[in-house]
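The values are calculated or read from the model by the stated rules, or taken from the named source; none is laboratory data. All values reported here derive from a predicted model rather than from experimental measurement. Here the Cβ positions follow ideal geometry from the backbone for every residue, glycine too, while neighbour counts run over all protein chains shown. Ligands, DNA and RNA are excluded from the accessible area calculation, which covers all protein heavy atoms including side chains. Shrake-Rupley method; radii C 1.70, N 1.55, O 1.52, S 1.80 Å.
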Amino acid sequence: MDRLEAVAACIYLHNNEQLLFVSTYLPPAAPVVRTDLDKIFSAFTSVVLVGDLNSKHVSWNCSSVDSNGKTILTYCIDNNISIHYPDQPAHFPHNSTPSVLDIALTKLCSVSKPVAAPVLSSDHNPIVFKLHLLPILSTPTMMYDYKHANWQLFKSTLDNSIPPDPILLSTADLEQAATTLEAAIRQAATTAIPLHTKTRNQLKNYYRRRYQRSRTSTFRYLSHLLTQIFLIKLKQLKNTKWNSFLRTLHPQTPSFRKITRYFTTTKQTIPPLLCNGTQIFRSSEKAEELSRQFERAHNFTFHMSTSHHSQVITRAVNKVLRPLTPSTPTIKPTNPTEVRRHIRSLKPTTAPGNDGIATVMLRHLPTRAIQHLTLLFNSTLQLGYFPTIWKAAKVIPIHKPNKPPIDVNSYRPISLLSSINKLLESIIASRLTTFVNQNHLIPDTQFGFRKKHFTVSQLARIVDHISHGYNLRKHTGMALLDLEKAYDTVCYSKNS
């Protein structure tokens with residue numbers, strides 16, 4: 001080596017292939033020499049190079065660009081080498097801006113997203129990533145191309161697959177019927193809605209990895225076939241779709257703000273979490289710890305009161321509500337017309353839940369499916385039971401602004417619920433709203449979470465009250481309360 005200091009180890013893999021793992025260091029004053037990189041990356045088919053290369057470039061989250069950074073970036077582009085780097089700074093010098101100097105260069109090798117782990121007292125944080133020696137065989141998420149969907153085929157397939165109206169006498173019958181309906185909708189979507197181009201590429205890579213592992217000719221054929229289809233579709237759609245989109249783009253349209261956010265927002269990853277003094281690096285362990293934190297926040301008040309205290313609160317609430325609340329009313333059943341009306345009121349662009357059924361699919365349900373769904377909803381209202389399959393949600397942790405990202409308390413959950421769940425909830429909410437308004441159970445002074453009540457109207461009411469007191473030469477006082485974790489600290493029973 002001319003300039004680069006390196007220590008290498010050859011790893012023999014299960015399929016008799018070899019992987020060269022190289023730990024490198026480049027002194028601060030030394031330039032990057034392309035011949036040094038050629039000696040490393042030309043020696044083996046699969047190479048992983050890691051270390052402090054003392055090279056800066058904005059492509060790996062540095063605030064500046066130097067000559068070494070330009071050389072490495074150009075070399076990687078010319079030789080089809082991937083650059084992997086953490087999203088957070090890993091080098092914290094005393095006299096300059098934090099940057100990323102420790103990076104990984106890979107050739108024909110798959111690694112996970114590197115993260116900087118603040119576990120040492122050095123000015124260089126260690127970089128942690130996973131080296132995938134075996135192909136990743138996880139099935140890609142289906143992304144449907146609704147613009148080219150055959151909705152007539154979708155309706156006919158769903159009509160043929162929906163079973164006759166069942167007799168739902170128990171919660172087990174309701175669970176089975178809900179599961180069968182969801183499976184029928186997904187099957188109809190798979191038959192009538194083509195996959196998005198991105199999904200075709202994911203499937204191509206999926207079958208290619210299957211072939212690399214099993215050497216089965218069927219997977220090789222599918223991989224080559226999907227590669228040809230993907231290239232043809234990409235060539236047809238890439239320029240035409242982008243040009244047509246740019247023609248319709250205007251600074252005043254919502255699409256302009258959306259595309260701006262897309263190009264200016266970086267995809268955030270969860271760094272290693274610090275829990276009880278222990279660093280958590282694995283994604284599965286992060287998910288478990290975050291789920292425990294979300295559960296603790298939901299059960300925030302379970303340990304704050306005794307049974308006697310809960311009984312006192314229950315009696316006080318019942319004493320207030322008993323004169324206002326009439327006898328328990330019978331919940332009015334729904335009908336296909338109401339179900340269709342609530343489907344149209346759902347937002348068409350919301351992300352689907354864990355079941356993968358989007359709102360646009362519900363909007364194209366045939367009459368028989370609407371009637372079947374109405375039967376399930378009425379059985380839910382009659383039995384007082386919400387099917388478990390509709391409760392499943394896809395939970396996404398969102399980092400709270402100005403909170404340390406390594407703390408599990410710095411994340412809040414966003415749950416992507418099932419579209420059928422949202423539909424039934426809207427039907428029940430309309431009945432609750434009607435009941436509450438008819439019996440005047442909400443004070444007229446409450447403006448939050450009420451239709452035709454706005455914050456501006458409440459502010460106008462307060463200003464009018466203050467102005468009236470001022471005209472009478474009186475002072476007006478105001479007490480403002482802001483409750484932290486208000487939803488999590490509501491007093492309710494575990495059995496409610």
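Taking each of Lys422/Lys451; Lys258/Lys422; Lys452/Lys474; Lys319/Lys391 in turn, the alpha-carbon distance tops 22 angstrom for Lys258/Lys422; Lys452/Lys474; Lys319/Lys391.
Just the number please: accessible area per residue for region 10-141, 1.4 Å probe, all protein chains included, in Å². Intermediate results must be reported in sequence, preceding the final value.
Details: 6600 Å² over 132 residues.
Roughly 50 Å² per residue, with all protein chains present.
Which order, highest average first, do 407-417, 105-115, 164-174, 249-259 follow once you tally other Cβ atoms within 10 Å for each residue and take the mean per peptide? If you can, show how the numbers build up before the last one.
On the way: 407-417: 15.4, 105-115: 18.2, 164-174: 13.6, 249-259: 10.0.
By packing density, highest mean first, the sequence is 105-115, 407-417, 164-174, 249-259.
With R₀ fixed at 56 Å, the C-beta to C-beta distance from Thr171 to His475 puts the FRET efficiency at about 0.40. Each residue, Leu441 and Asp123, gets one label point 7 Å from its Cα in the Cβ direction; the gap between the two is 6.5 nm.
For region 1-109, what % of the accessible area comes from carbon and sulfur atoms, probe 1.4 Å? With neighbouring chains kept in place, the figure for region 1-109 is 52 percent.
Need one number: the % of Cα-Cα pairs in region 1-135 sitting beyond the 25 Å mark.
Pairs farther apart than 25 Å: 23 percent.
For the pair Lys391 and Lys70, a Förster radius of 56 Å applied to the C-beta separation gives a FRET efficiency near 0.55, rounded to the nearest 0.05. For region 330-434, the set of trypsin sites (Lys or Arg not before Pro) satisfying both a DSSP loop assignment and a count of at most 16 other C-beta atoms within 10 Å is given as Lys391. Measuring only protein heavy atoms, the 1.4 Å probe finds Glu425 accessible over about 90 Å².
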